[in-house]
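Okay, structure first, notes after.
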Amino acid sequence: MDADKKHQLEADAAQLQRLGYAQQLLRDMGGFSNFAVSFSIISILTGAVTLYGHGLRFGGPFVMGVGWPLVAVMTLTVAASLAQLASSFPTAGALYHWSAMLGGPRVGFFTAWLNTIGQFAITAGIDYGLAEFVADMLGWPRERGYVLPLYAVILLSHAVLNHVGVRAVALLNNVSAWYHVAGVAVVLGALVAFAPRQDAAFLLTRFSSESHLYTYGFLIGLLQAQWTFTGYDASAHVSEETVDPTRNAPWGIFLSVAVSAVVGYALLVGVTLAIRDLPAAAAAPNPFLYVLRESLGPALGGVLVWITIGAMWFCGLSSVTSNSRMLFAFARDGGLPGSALLSRVSPRYRSPHMAIWVSVAAAFGVAIWSGAYAAMVALSTLALYASYALPVWVGLRARRNGTWSHRGPWDLGRFSTLVNAVALGWCAVVMVLFVLPPNELAGYTFVGALSLLIVYWVAFQRHSFVGPKVTLLAQAPAQASSGK
């Protein structure tokens, strides 16, 4: 190890110590690896692909041509707001720690649980969608009796790798980032070279086979883009495994959304302009598979789908990594039943092995409970954006009252209030849109989970849960005069 890296690792460990924690996890990720975790979870070859039919059926090409960039721009305000927090407080607890440090244990508790539920659901959505695609390619029906065993095998592969291969997972995340970019390039190249194309004006076509009121259909169709832009908080959750996290983690959050926005839009434009028969494509069981096979032929179209399936597998691997780190950090502070068990770190592999297996088991339970794929992705979007909004809200408030005055090198400066306000407004829109029909089950599940959390907090945790080791609330008067 060279002297500069050793010095940086010592500084990172000392910084973590000041935030109340010892260095337990292996800190071996560079800036690109950190970015790759979030980029892989966003996975334009997963979210944009598995929900391509959802967007097409509800809003048609207009959802791809206009809806995607709209969601991307609004999501960048959320990502920038979270990046600012990650630069100041680089811990595995991430959102939960930020909320608790700036808003108190109660806000931190609900942030942690909402993020945990969202991460369980997003892992379920990623790997169940992958299982459905594999079933389609194998010629199997999409009945649960066929899909669930595939889903279980996929989850198992992700759990085993995360348990025993910390360095291997970091390497695979790097491979995943390049794989996603190369995969999109291959799909686009094939479409440009061999597929007949519609005029660019086709992207403004308004079509809906699911709603008589087009505006409603378009808004519901935005779930395709919004679910794709979830999970980018993963860069913050691996802060304790990242070298120089005050810079690398925030850039990982922000750039993963920005790069995914551009590359994902190119993919959607290419696929959508290759549609020959819009009503037939929307009516197909798997519209993405249908478009590639119809425009490129069964052989080449099938090869491209298998390439996409590889990207989905990488996406699920990264999701389990992020999910388990959040669970580990929350358990480390005593916020979960069985915290002593969930906070264990494997002495051999230096991975939070118990949190990994519980995360995977919970994701399997979400798939059993929800039944419908759209319910899984809607639930994950609701819970995650609720957990994003809480730390942004308490951070905005803490800056205004002087509690949070010393910030990291990645800072929004005088634009903080505006960016945070837009981010909070968009989170509110997301949470309203995706409980509307046909996503009522996600809404009912979210409200039910929130009600249980309130009972759990009042009955068991209100007087015992103290949150992270360090809080800024008691330091507010001393820090008020040192702000920027």
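Filter segment 413-430 down to the residues that are aliphatic (A, V, I, L, M), surrounded by 17 or more Cβ atoms within 10 Å (Cβ to Cβ) and more than 18 Å from residue 103 (Cβ to Cβ) and list them by number.
419, 422, 430
Name the one entry in 183, 189 that is within 19 Å of residue 319 (Cβ to Cβ) and part of a helix (DSSP H, G or I).
Answer to the selection: 183.
Give 35, 39 a once-over and let me know the one that is open to solvent by less than 10 Å² (accessible area, probe 1.4 Å), in contact (Cβ under 8 Å) with a residue 12 or more places away in the chain and of a type in the set (Phe, Trp, Tyr).
Sole residue among the options that is open to solvent by less than 10 Å² (accessible area, probe 1.4 Å), in contact (Cβ under 8 Å) with a residue 12 or more places away in the chain and of a type in the set (Phe, Trp, Tyr): 39.
I want to confirm something. Restricting to segment 367-382 and keeping residues that are open to solvent by 20 Å² or more (accessible area, probe 1.4 Å) and part of a helix (DSSP H, G or I), which single residue is modelled with the highest pLDDT?
For segment 367-382, the residue satisfying everything is 368.
Would you confirm whether any residue within segment 401-412 is without any contact (Cβ under 8 Å) to a residue 40 or more places away in the chain and buried (at least 19 other Cβ atoms within 10 Å of the Cβ)?
Scanning segment 401-412, I find no residue that is without any contact (Cβ under 8 Å) to a residue 40 or more places away in the chain and buried (at least 19 other Cβ atoms within 10 Å of the Cβ), so the answer is no.
Run down 225, 249, 234 and say which single residue is touching a strand residue (DSSP E or B) at 6+ places or on another chain (Cβ under 8 Å) and small (Gly, Ala, Ser).
249
Out of (1) open to solvent by less than 30 Å² (accessible area, probe 1.4 Å); (2) under 21 Å from residue 42 (Cα atoms), what's the single condition that is false for residue 364?
For residue 364, the exception is condition (1).
Those residues that are open to solvent by 10 Å² or more (accessible area, probe 1.4 Å), part of a helix (DSSP H, G or I) and either modelled with pLDDT under 90 or hydrophobic (A, V, I, L, M, F, W, C) (or both), I need them from segment 225-261; list them, please.
251, 254, 255, 258, 259, 261
Find the residue count for segment 383-400, including only residues that are open to solvent by 30 Å² or more (accessible area, probe 1.4 Å) and among the hydroxyl-bearing types (Ser, Thr, Tyr).
Final tally of qualifying residues: 0.
Name the residue that is most open to solvent (accessible area, probe 1.4 Å), counting only residues in segment 45-87 that are of a type in the set (Ser, Thr, Tyr) and under 23 Å from residue 127 (Cα atoms).
Checking each candidate, the answer is 50.
Could you figure out which of (1) open to solvent by less than 10 Å² (accessible area, probe 1.4 Å); (2) more than 20 Å from residue 247 (Cα to Cα); (3) more than 15 Å from the chain's Cα centre (by Cα); (4) not polar (S, T, N, Q) isn't true of residue 90?
The number of the failed condition is (2).
Quick one: is residue 167 modelled with pLDDT of 90 or more and surrounded by fewer than 21 Cβ atoms within 10 Å (Cβ to Cβ)?
In short, no.
Those residues that are over 9 Å from residue 94 (Cβ atoms) and not aliphatic (A, V, I, L, M), I need them from segment 220-239; list them, please.
Selection gives 221, 224, 226, 227, 228, 229, 230, 231, 232.
If a residue has to be open to solvent by 30 Å² or more (accessible area, probe 1.4 Å) and either basic (Lys, Arg) or on the phi < 0 side of the Ramachandran plot (or both) to count, how many in segment 333-342 make the cut?
The total comes to 3.
Kindly indicate whether residue 123 is modelled with pLDDT of 90 or more, within 17 Å of residue 42 (Cα to Cα), β-branched (Val, Ile, Thr) and buried (at least 19 other Cβ atoms within 10 Å of the Cβ).
In short, yes.
Can you tell me which residues in segment 274-306 are buried (at least 18 other Cβ atoms within 10 Å of the Cβ) and of a type in the set (Asp, Glu)?
Of everything in segment 274-306, just one residue is buried (at least 18 other Cβ atoms within 10 Å of the Cβ) and of a type in the set (Asp, Glu), namely 294.
Conditions (1) modelled with pLDDT under 90; (2) within 27 Å of residue 301 (Cβ to Cβ); (3) open to solvent by 20 Å² or more (accessible area, probe 1.4 Å), marked per residue:
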position: 142; (1), (2), (3): yes, yes, yes
position: 146; (1), (2), (3): no, yes, yes
position: 174; (1), (2), (3): yes, no, yes
position: 179; (1), (2), (3): no, yes, yes
position: 185; (1), (2), (3): no, yes, yes
position: 190; (1), (2), (3): no, yes, no
position: 198; (1), (2), (3): no, yes, yes
position: 201; (1), (2), (3): no, yes, yes
position: 223; (1), (2), (3): no, yes, no
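State whether the residues of segment 10-22 include one that is buried (at least 24 other Cβ atoms within 10 Å of the Cβ), touching a helix residue (DSSP H, G or I) at 6+ places or on another chain (Cβ under 9 Å) and either of a type in the set (Phe, Trp, Tyr) or free of Cβ contacts under 8 Å to residues at least 40 places away in the same chain (or both).
no
The values are calculated or read from the model by the stated rules, or taken from the named source; none is laboratory data. Computed from a prediction, not measured in an experiment: that's the story for all the values here. Glycine also receives a Cβ, built like all others from the backbone with ideal geometry; neighbour counts cover every protein chain displayed. Side chains are part of the model used for accessible areas, which takes the heavy atoms of the whole protein and leaves out ligands, DNA and RNA. Shrake-Rupley method; radii C 1.70, N 1.55, O 1.52, S 1.80 Å.
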